[in-house]
Amino acid sequence: MTALAWVQVAVFIVTGTLLVGFAAGLRRVLATGRAATGGPVAVGLAGAGLVLAGLFSADPSFGYPVGAPPGVASPSVQAYVHVM
């Protein structure tokens, strides 16, 4: 990881946590209907995905960061979780 990569990791985790909290608030505010169930679930899943993306980093590849190989041969399990 580069020197300031922790900033991006923190942004992913904080934004994901805020989205999960927003989903909880949506669930409490919306009364009935499809949006009352599907909306908070979708927002919560997006938030959980951002938290996971922050916890698992991607492999250096395709020339980024500088000095990384031009392509990617075999991604690690951590990179697969980050991309999912």
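The values are calculated or read from the model by the stated rules, or taken from the named source; none is laboratory data. These numbers come from a predicted model, not from an experiment. Using ideal geometry, Cβ is built from the backbone for each residue, glycine included, and neighbour counts are taken over all protein chains shown. All accessible areas refer to the heavy atoms of the entire protein, side chains included, with ligands and DNA or RNA removed. Shrake-Rupley method; radii C 1.70, N 1.55, O 1.52, S 1.80 Å.
Couple of notes before you dig in:
- Taking all Cα pairs closer than 8 Å and separated by 6 or more residues, the relative contact order of the chain comes to 29 percent.
- Inter-probe distance in nm under a simple model that places probes 7 Å from Cα toward Cβ, at ALA24 and VAL66: 4.4 nm
- Per residue accessible area in Å² of the chain, where ligands, DNA and RNA are left out and the probe is 1.4 Å: 72 Å²
- Using distinct alpha-carbon pairs, which all enter the 1/r mean, Kirkwood radius of the chain in Å: 14.5 Å
- Take the Cβ atoms of VAL41 and VAL7, set R0 to 35 Å, and the FRET efficiency comes out at 0.75.
- 0 to 90° range, to nearest 10: angle between helix 5-29 axis and the chain longest Cα axis: 10 degrees
- Residue-averaged [θ]222 nm for the chain, counting only DSSP H segments that reach four residues, each worth -39500 (n - 2.57): -22000 deg cm²/dmol
- Remark: spin-label model distance MET84-THR15 equals 2.1 nm, labels positioned 7 Å along the Cα→Cβ axis.
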